[in-house]
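The values are calculated or read from the model by the stated rules, or taken from the named source; none is laboratory data. No experiment lies behind these values; they were computed from the predicted model shown. Cβ placement follows ideal geometry from the backbone for every residue including glycine, while neighbour counts extend to all protein chains displayed. Remember, those area values only see protein heavy atoms, side chains included, never the ligands or the DNA or RNA. Shrake-Rupley method; radii C 1.70, N 1.55, O 1.52, S 1.80 Å.
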Amino acid sequence: MWDDGLGPAFPSLTTDVRADTCVVGLGATGLCAVLEARALGHTVVGIDATVTAGGAAGANGGILRAGLSKFHHEAVAAFGPTRAAELYRRTAAEIDRIATETPDAVRRTGSLRVATDDAEWADCLAQLAAMRAGGIAVEERNTPSGRGIFVPHDAVVQPLLRGRSLARMASERGVQLFEHTPALRFSAGNVTTPGGRISCDAIVIAVDGGLEEVVPSLAGRVRTTRLQMLATEPAADVTIPCPVSANYGFDYFQQPTDGRIALGGGRNRSFDTEWGAAAEPSDGIQAYLDGVLRDRIRTKAAVTHRWGARVAYTTDGLPVLEQVAPNVWATGAYNGTGNLMGALCGRAAAQLALGRQSEFHALLHPAVSASSAQVSAKSASSQ
Ligand SMILES: Cc1cc2nc3c(=O)[nH]c(=O)nc-3n(C[C@H](O)[C@H](O)[C@H](O)COP(=O)(O)OP(=O)(O)OC[C@H]3O[C@@H](n4cnc5c(N)ncnc54)[C@H](O)[C@@H]3O)c2cc1C
């Protein structure tokens, strides 16, 4: 759906190399980490097991919805109003940053959450009240897609175009990128790949789906699942001006300017078949999506593409952003909404791996951040 066939191609690694920082995983998150480490003056090598933006980063619904994976009223209940509002503000600002960084890939459309029944409408109103209490602009709307709430600041992105633009930027800034180069093992100062070893001072692991396979110590807290989508030919019989989510966010769709429809969802119909599943479409979920396409979106446009990709979830709904070995930081598990959170975490992971403080890390994981600051202060005073 998103592939215009114009992606840059990078070689695979065939010799040993040395860089200050190595980034493992070149989705949008890893590429943000690459660019941040480079901007901080480091030499950087980035590697991907497949191709740049070859995972969820290049195959997602393209919705830039500010906030956490939880709706704002749920985030307020879980994390308190101040922290939830600040996390919201950071992700909203990230939309502006992404629109400036890769303008060709972004459209400022706003986003809509519609209710499928009265109970969900009550939940929409609770979300609306919490957003207004936090000073966030939001409106009630009656639309052809249903009764819902509209957030004017949100946007859509062409995710593969964005990933490839970031890769080009990184390459132009002197970063060495290698595709078809899986990290087989990593330890402080070394990443082993089939074609050569990367010696480095710092490592950032930026993998969403499959994070617990790359970092097995995260297996108890991180779990990978599959998300599925389909796309249609240009649909002349409907106009969808902004991305829509329904069914408590489990279903989502948008219509890019060429008129096609990108529709994803259905995971809550069949959680068990999706946990741990391979990145490919399945008959059951695709049949459900066909139903949403015909009954809710009400288009007759033919389906042209069907796909699945992997993402990871955590038990507390917050992403992983943590040190997993000396000088090795891992980020991922964005709970299905990593376009904004991944960019923020990718830059934060690069800062942390380079020994800097990260305000965003402190906001996301205050207890962990405070205890590592104490350790740094103690070791500084004992030196
Ligand atoms: C169908 C679907 C729809 C979605 N819709 C939205 C949406 O509308 N809005 C939103 O915000 N989010 C959405 N998401 C979630 C979002 O796509 C992801 O959270 C985000 O793209 C993750 O990007 P990433 O760069 O962190 O990870 P990934 O895209 O997973 O990239 C990680 C990269 O690491 C590589 N890799 C893995 N293991 C290794 C290894 N051992 N060595 C080297 N490389 C390795 C992979 O090949 C991959 O390219 C959706 C996800 C899916 C699957």
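Suppose we filter ASP20, ASP3, ASP96, ASP16 for residues that are charged (D, E, K, R) and touching a Leu at 6+ places or on another chain (Cβ under 7 Å); which single one remains?
Testing whether each residue is charged (D, E, K, R) and touching a Leu at 6+ places or on another chain (Cβ under 7 Å) leaves just ASP3.
Any idea which of LEU289, LEU293 is within 21 Å of PHE253 (Cβ to Cβ), part of a helix (DSSP H, G or I), within 14 Å of the ligand (Cβ to nearest atom) and more than 14 Å from the chain's Cα centre (by Cα)?
Result: LEU289 is the single residue among LEU289, LEU293 that is within 21 Å of PHE253 (Cβ to Cβ), part of a helix (DSSP H, G or I), within 14 Å of the ligand (Cβ to nearest atom) and more than 14 Å from the chain's Cα centre (by Cα).
Which pairs turn up if I take residues in the range 55-74 that are near the ligand (Cβ under 7 Å from one of its atoms) and look for partners that are small (Gly, Ala, Ser) and in a loop (DSSP other than H, G, I, E, B) with beta carbon separation below 6 Å, at least 6 apart in sequence or on another chain?
Pairs that qualify, where the first residue is near the ligand (Cβ under 7 Å from one of its atoms) and the partner is small (Gly, Ala, Ser) and in a loop (DSSP other than H, G, I, E, B), are GLY55/GLY27; ALA56/GLY209; ALA57/GLY27.
Go through the range 318-368 and report how many residues are touching a helix residue (DSSP H, G or I) at 6+ places or on another chain (Cβ under 7 Å), among the aliphatic types (A, V, I, L, M) and away from the ligand (no atom under 15 Å from the Cβ).
Count: 4.
Looking only at the range 16-49, count every residue that is under 15 Å from LEU177 (Cβ atoms), more than 7 Å from the ligand (Cβ to nearest atom), open to solvent by 20 Å² or more (accessible area, probe 1.4 Å) and part of a loop (DSSP other than H, G, I, E, B) and tell me the total.
Final tally of qualifying residues: 2.
Pick from ALA330, ALA343, ALA325, ALA350: which is buried (at least 21 other Cβ atoms within 10 Å of the Cβ) and closer than 15 Å to LEU218 by Cβ?
ALA330 is the lone residue from the list that is buried (at least 21 other Cβ atoms within 10 Å of the Cβ) and closer than 15 Å to LEU218 by Cβ.
Determine which member of the set GLU94, GLU140, GLU120 is more than 19 Å from GLN255 (Cα to Cα) and assigned to a strand (DSSP E or B).
Checking each option against the conditions leaves just GLU140.
VAL106 passes all but one of (1) without any contact (Cβ under 8 Å) to a residue 40 or more places away in the chain; (2) surrounded by 15 or more Cβ atoms within 10 Å (Cβ to Cβ); (3) not acidic (Asp, Glu); which number fails?
It fails just one condition, (1).
Please work out if THR143 is farther than 23 Å from MET341 by Cα and within 14 Å of the ligand (Cβ to nearest atom).
no
ALA167 - would you say it is within 13 Å of the ligand (Cβ to nearest atom) and in a loop (DSSP other than H, G, I, E, B)?
Taking the combined requirement at face value, the residue does not satisfy it.
Looking at PRO8, PRO103, PRO81 in this structure, which one is at negative phi, touching a Lys or Arg at 6+ places or on another chain (Cβ under 7 Å) and more than 12 Å from the ligand (Cβ to nearest atom)?
Selected residue: PRO8, the only one of PRO8, PRO103, PRO81 that is at negative phi, touching a Lys or Arg at 6+ places or on another chain (Cβ under 7 Å) and more than 12 Å from the ligand (Cβ to nearest atom).
So, SER165, is that one of a type outside the set (Lys, Arg) and under 25 Å from ALA92 (Cβ atoms) or not?
It is true that SER165 is of a type outside the set (Lys, Arg) and under 25 Å from ALA92 (Cβ atoms).
Mind listing just one residue for me: the one in the range 230-245 that is open to solvent by less than 10 Å² (accessible area, probe 1.4 Å) and assigned to a strand (DSSP E or B) and, of those, farthest from ALA278 (Cα to Cα)?
Applying the filter and picking the extreme gives VAL244.
Can you work out which of the residues in the range 50-90 that are surrounded by 22 or more Cβ atoms within 10 Å (Cβ to Cβ) and polar (S, T, N, Q) is farthest from TRP307 (Cα to Cα)?
If we take residues in the range 50-90 being surrounded by 22 or more Cβ atoms within 10 Å (Cβ to Cβ) and polar (S, T, N, Q), then THR52 is farthest from TRP307 (Cα to Cα).
Which one of ARG168, ARG197 is open to solvent by 10 Å² or more (accessible area, probe 1.4 Å) and in contact with a strand residue (DSSP E or B) (Cβ under 7 Å, 6 or more places away or on another chain)?
ARG197
Of the residues in the range 296-317, how many are outside any loop (DSSP other than H, G, I, E, B) and out of contact with any helix residue (DSSP H, G or I) (no Cβ under 6 Å at 6 or more places or on another chain)?
Of the residues in that region, 9 qualify.
Those residues that are in a strand (DSSP E or B) and closer than 24 Å to TYR334 by Cα, I need them from the range 192-214; list them, please.
ALA202, ILE203, VAL204, ILE205, ALA206
Looking for whichever is open to solvent by less than 40 Å² (accessible area, probe 1.4 Å) and either under 25 Å from PRO319 (Cβ atoms) or within 15 Å of the ligand (Cβ to nearest atom) (or both) here; the options are ALA219, ALA188, ALA115, ALA130. Which one fits?
Just one listed residue meets the conditions, ALA130.
Which members of the range 143-164 meet the condition of being assigned to a helix (DSSP H, G or I) and in contact with a helix residue (DSSP H, G or I) (Cβ under 7 Å, 6 or more places away or on another chain)?
PRO159, LEU160, LEU161, ARG162, GLY163
Which of the residues that make up the range 296-311 are open to solvent by 70 Å² or more (accessible area, probe 1.4 Å) and either more than 18 Å from GLN255 (Cα to Cα) or more than 22 Å from the chain's Cα centre (by Cα) (or both)?
Passing the criteria: ARG298, LYS300, THR304.
Which of (1) farther than 28 Å from ARG83 by Cβ; (2) open to solvent by 30 Å² or more (accessible area, probe 1.4 Å) does GLU212 not meet, given it meets every other one?
Tallying (1) farther than 28 Å from ARG83 by Cβ; (2) open to solvent by 30 Å² or more (accessible area, probe 1.4 Å), GLU212 fails exactly one: (1).
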